[in-house]
Amino acid sequence: MRKNLPLAAACAALCSLLITSKADAGERVLRLGYLFSQTSQLGAGAETFARDVAKRTGGTYRVELYPNGTVGGEVEMAEELRLGHLDMAFITSAPFASLIPEFGVFDIPFLFRDARHAHAVFDGPIGQDYLKKFQQKGYVALAWGENGMRHITNSKRPVAGPGDLKGLSMRVPQSDVMLKGFRAFGVKAEPLAFPALYGALQSGQFDGQENPIAVITASHFEKVQTHLTLSGHVYSWAALIVSKASWDALSPGAQKAFVEAAKAGGQVSREMAGRAEKEGVDVLRKAGMQVVATVDRPAFEASLQDTNAAFSKAFGPEIIQQIKSVP
């Protein structure tokens, strides 16, 4: 009997290997990239999405998460999705105004009253129509998520109105609309990829930047910026996007599961961004940042009069009015 023990053990090991291989063969892995940390609003949404996909598909699909831009910046991820080299990404609004010009309308400063107004727009007919526009470039957008309301930081002085911004050098995302908007305020605005932003602020290349509170806290910009202005000048959306090749490879049942999981992930990202708005400001204040809680919105809007006329011509006055009219 003892002579047969090694053979039995070998058989058991072989059977275990075959079972594992069979399980692995039945599980499809999809890679999902996003720009920020695992503790960010995108990270929380991506974790929820991955967990829901596994649950809703009975473990048939597993989503591997790649945070911190490890598979590239957002422009690079968008291109990798288009080429089918990346399965999925949770991408903010930053790169899409240049890829799909219609999306630029959402970057118009002070278009949205607040996050609640933005949610009503994106969850309504306008948002659902724009979700389909990703197909123009070969993407499949599953659901909206949130980066957050964008606020201004700088290392020079308090900012309460457009005059306070004049002469400051600021990094803005790679959005022509946001560039034109900030330049209308008298800002020396230039685009820069997000991964290089902290170093650029630290070295003094830029006086300031603008991002949602969740991004400001997660990136520890309080270490290189002194002043925070709660301007809420732009609502930065995000979307869970699948490459067309990866989407077409899913069964109809799996596609439905992915959409439902994406809606759950998107909602979690909104909730976390909302909590950051409420709690993050105090964190930044305690870290030493001087906070301007209220801005002169009418003055900002007045300084954008000529620029907004150009935006109206570019995007159409009808869609701008439709967005503003959503209760």
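The values are calculated or read from the model by the stated rules, or taken from the named source; none is laboratory data. All values reported here derive from a predicted model rather than from experimental measurement. Glycine also receives a Cβ, built like all others from the backbone with ideal geometry; neighbour counts cover every protein chain displayed. All accessible areas refer to the heavy atoms of the entire protein, side chains included, with ligands and DNA or RNA removed. Shrake-Rupley method; radii C 1.70, N 1.55, O 1.52, S 1.80 Å.
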Practice task
Kindly state, to the nearest 0.05, the FRET efficiency for residue 322 paired with residue 183, given R0 = 35 Å and r defined as their beta-carbon distance.
Solution key: 0.85
Exercise for the section: Under a 10 Å cutoff between Cα atoms, tell me which one of 84, 253, 45 has the largest fluctuation in the Gaussian network model of the chain. Expected result: 253
Completion exercise
Among the stretch 208-249, those whose backbone N falls under 15 Å of a label point 7 Å along Cα→Cβ from residue 278 are 214
Completion exercise
Mean separation of Cα contacts under 8 Å (at least 6 apart) over the residue count of the chain, i.e. the relative contact order in percent, is 25
Handout entry: residue 271 versus residue 245: modelled label distance in nm, points set 7 Å from Cα along the beta carbon direction
Key = 3.5
Handout entry: Gyration tensor (alpha-carbon) shape descriptor, the stretch 89-178, a/c threshold 1.5
Key = prolate
Exercise for the section: Run down the aspartates and glutamates and flag those whose C-alpha is under 15 Å from the C-alpha of residue 188, throwing out any fewer than 8 positions away in its chain. Expected result: 164, 176, 207, 210
Exercise for the section: Considering only DSSP beta bridges where both residues belong to the chain, give the percentage that are antiparallel (nearest 5). Expected result: 55
Practice task
Write out the chymotrypsin sites (Phe, Trp or Tyr not before Pro) in the stretch 216-280 meeting two conditions: DSSP loop, and at most 14 other Cβ atoms within 10 Å of their Cβ.
Solution key: none
Practice task
Can you bin the stretch 95-145 into rounded, prolate or oblate? Criterion: square roots of the alpha carbon gyration tensor eigenvalues sorted a ≥ b ≥ c, rounded for a/c under 1.5, prolate for a/b above b/c, oblate for the rest.
Solution key: oblate
Practice task
Among the listed pairs 132/166; 156/313; 286/324; 132/286; 156/278, give every one whose C-alpha distance is greater than 32 Å.
Solution key: 132/166; 156/313; 286/324; 132/286
Practice task
Under 1.5 on a/c is rounded, so check that first for the stretch 137-287, then, if it is not, pick prolate when a/b is larger than b/c and oblate when it is not; a ≥ b ≥ c are the square roots of the alpha carbon gyration tensor eigenvalues.
Solution key: prolate
Practice task
Quick one: among 29, 291, 140, which has the greatest mean-square fluctuation in a GNM of the chain with alpha-carbon springs under 10 angstrom?
Solution key: 29
Fill in the blank from the handout: The answer for residue 61, listing residues at least 5 apart or on another chain whose modeled amide H is closer than 5 Å to its amide H, is 28
Handout entry: Radius 13 Å from Cβ of residue 327, net charge of other residues (Lys, Arg +1; Asp, Glu -1)
Key = +1
Exercise for the section: Express in Å², to the nearest 10, the accessible area of residue 178 obtained by rolling a 1.4 Å probe over the protein heavy atoms while all chains stay in place. Expected result: 0
Exercise for the section: Considering only 150, 28, 297, give the residue with the highest GNM mean-square fluctuation for the chain, with springs between Cα atoms whenever their separation is below 10 Å. Expected result: 28
Exercise for the section: For Rg and Dmax of the Cα atoms in Å, several values are listed as [x] 22.8, 92; [y] 21.0, 75; [z] 21.1, 65; flag the one computed from this structure. Expected result: [x]
Practice task
Run down the lysines and flag those whose C-alpha is under 17 Å from the C-alpha of residue 137, throwing out any fewer than 8 positions away in its chain.
Solution key: 244
Handout entry: Cross-link reach list, aspartates and glutamates versus residue 55, counting only Cα pairs under 18 Å and skipping chain neighbours closer than eight places
Key = 24, 27, 47, 64, 260
